[in-house]
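The values are calculated or read from the model by the stated rules, or taken from the named source; none is laboratory data. Worth saying up front: this structure is predicted, and the values here are computed from it rather than measured. Using ideal geometry, Cβ is built from the backbone for each residue, glycine included, and neighbour counts are taken over all protein chains shown. We work out accessible area using only protein heavy atoms, side chains counted, and drop any ligands, DNA or RNA first. Shrake-Rupley method; radii C 1.70, N 1.55, O 1.52, S 1.80 Å.
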Amino acid sequence: MPKAAAGKTTATKHKFVIDYSKPAADGVFDGADFEKFLHDRIKVDGKAGQLGESVKVTRDGNIKITVTSNIPFSKRYLKYLTKKFLKKNSLRDWIRVVASAKDNYQLRFYNIAGAGDEDEE
């Protein structure tokens, strides 16, 4: 039995997408800067910035960033790094990170227009 388990190599492949099209359309979010931030900050084996072949960060135009990993990788870790980037650029007060699907995050503006209507009544 152990030989069958040893011979079976499972290559876990994770693909996560971060959609930042709405903030980028308004000109408040820089996709190239965000891609560099992720590349420099993602840790592999406890070392930041040394992704090697196990993790790839690619930017698709000015719409989304795709992170592909061959090693176990957490979606929550991407959310943490995205929030850290927003805080660093003083955008955390206006933009939030929302899970739009199982392997997708989307950056959205806070809906503050609805809050103003309730105060007037």
**OP:** List the lysines whose Cα lies under 21 Å from the Cα of residue 15, skipping any in the same chain that are fewer than 8 positions away.
**Re:** 36, 43, 47, 56, 64, 75, 79, 83, 84, 102
**OP:** May I ask you to compute the full-extension gain from residue 80 to residue 58, defined as 0.36 nm times their residue separation minus their alpha-carbon distance, rounded to one decimal in nm?
**Re:** 6.1 nm
Subject >> 4 °C / 1.567 mPa s Stokes-Einstein diffusion coefficient of the stretch 38-118, Kirkwood radius on C-alpha pairs, µm²/s >> reply: 91 µm²/s
**OP:** Treat each spin label as a single point 7 Å out from the Cα along the C-beta direction, and report the residue 50 to residue 30 distance in nm.
**Re:** 2.8 nm
**OP:** Quick one: pull the percent of accessible area on the stretch 29-116 belonging to carbon and sulfur, 1.4 Å probe, ligands and nucleic acids left out.
**Re:** 50 percent
Original post:
Considering amide H positions built from the backbone, and no H for Pro or chain starts, which residues 5 or more places from residue 105, or on another chain, come under 5 Å of its amide H?
Top reply: 17, 18, 19, 100
